[in-house]
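Asker: Okay, handing you the structure first.
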Amino acid sequence: MLRTVNRVLLGLVGLGLFALGGGVLLGGLDLQRRWDFGMPGWWPFRGPDDVVLGTEGRTRWREEGWWWPTVIAVLAVLLVLLLWWLLAQRRRRLGGVLVDSGDGAAARLDGRTLEDVIEEEAQALDGVSGAHARLTGRSSAPAARVRLLLEPHADPAWTLGRLSRETLTHARDSAGLDRLPSKVRLKEVRHRARRVG
């Protein structure tokens, strides 16, 4: 869904910029007069001396009471939509993983369920106080991102080895995947210093 929205949005923006740039170029190089063709009556760029927005266009709606609230509302909606789109790029979570069911048909395993299983197994490891897992990539070739919060006594190398050999291997095997590339981020729990008296 996000990929389709991105393509449509970028296509529309690109088409709009191409049309606007082409029209400005036609006016700036005075190609209408040279090639003897006309532009629509509403088009503002008719020659090299024309400006994007003339004095009449800048001051036409200034006295109307609805003009500025409408402009501000449209800009606010546009800003909210752009922020939503920007945040949607970061939250790219895999909805499901295609699993070979063995009978020639593919089944779909819920991505959140597999993330929960990885988190629960990772939290069961000694020295891990918290875990967060996220699946990214394509449903046929997922990848995992895992963040672990380690207790001060935990051995990072041992924890990483167990996570790789057990937790991530179980997830890969249970989904019937050939490989499950993973990125693991380790962070230590911060404790307040204790006063000894």
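The values are calculated or read from the model by the stated rules, or taken from the named source; none is laboratory data. Not measured: the values here are computed from a predicted model. With ideal geometry, Cβ positions are generated from the backbone for all residues, glycine too; neighbour counts draw on all protein chains shown. Just so you know, the surface numbers come from the protein's heavy atoms only, side chains and all, with ligands and any DNA or RNA stripped out. Shrake-Rupley method; radii C 1.70, N 1.55, O 1.52, S 1.80 Å.
Asker: Working only within the stretch 40-79, note down all residues that are of a type in the set (Phe, Trp, Tyr) and surrounded by 10 or more Cβ atoms within 10 Å (Cβ to Cβ). Let's see the steps before the verdict.
Answerer: Within the stretch 40-79, the subset of a type in the set (Phe, Trp, Tyr) is 42-43, 45, 61, 66-68.
Correct list: 43, 45, 61, 67, 68.
Asker: Of the conditions (1) basic (Lys, Arg); (2) over 30 Å from residue 174 (Cα atoms); (3) under 17 Å from the mean Cα position of the chain (by Cα), residue 62 satisfies every one except a single condition; which number is it?
Answerer: So the condition that residue 62 fails would be (3).
Asker: Next up: Can you tell me how many residues within the stretch 80-118 are at pLDDT 85 or above and open to solvent by less than 30 Å² (accessible area, probe 1.4 Å)?
Answerer: 3
Asker: Looking only at the stretch 123-141, count every residue that is open to solvent by less than 20 Å² (accessible area, probe 1.4 Å) and more than 15 Å from residue 183 (Cβ to Cβ) and tell me the total.
Answerer: Residues in the stretch 123-141 being open to solvent by less than 20 Å² (accessible area, probe 1.4 Å) and more than 15 Å from residue 183 (Cβ to Cβ): 4 in total.
Asker: Another one. Give me a count of the residues in the stretch 1-24 that are open to solvent by 100 Å² or more (accessible area, probe 1.4 Å) and of a type outside the set (Lys, Arg).
Answerer: Of the residues in that region, 6 qualify.
Asker: In addition: Does any residue of the stretch 49-61 turn out to be in contact with a Lys or Arg (Cβ under 9 Å, 6 or more places away or on another chain) and farther than 30 Å from residue 139 by Cα?
Answerer: no
Asker: Looking only at the stretch 106-139, count every residue that is among the polar types (S, T, N, Q) and without any contact (Cβ under 8 Å) to a residue 12 or more places away in the chain and tell me the total.
Answerer: Qualifying residue count, the stretch 106-139: 2.
Asker: Could you list all residues from the stretch 161-187 that are assigned to a strand (DSSP E or B), farther than 16 Å from residue 137 by Cα and open to solvent by less than 100 Å² (accessible area, probe 1.4 Å)?
Answerer: The answer is 186, and nothing else.
Asker: Of all residues in the stretch 142-172, which are basic (Lys, Arg) and more than 11 Å from residue 183 (Cα to Cα)?
Answerer: 162, 165, 172
Asker: Scan the stretch 145-160 and give yes if some residue there is part of a strand (DSSP E or B) and closer than 22 Å to residue 3 by Cα, otherwise no. Explain how you work it out, then say what you get.
Answerer: Keep residues of the stretch 145-160 that are part of a strand (DSSP E or B), which gives 145-150.
Those still in the list that are closer than 22 Å to residue 3 by Cα too: 145.
Taking every residue of the stretch 145-160 in turn, at least one turns out to be part of a strand (DSSP E or B) and closer than 22 Å to residue 3 by Cα.
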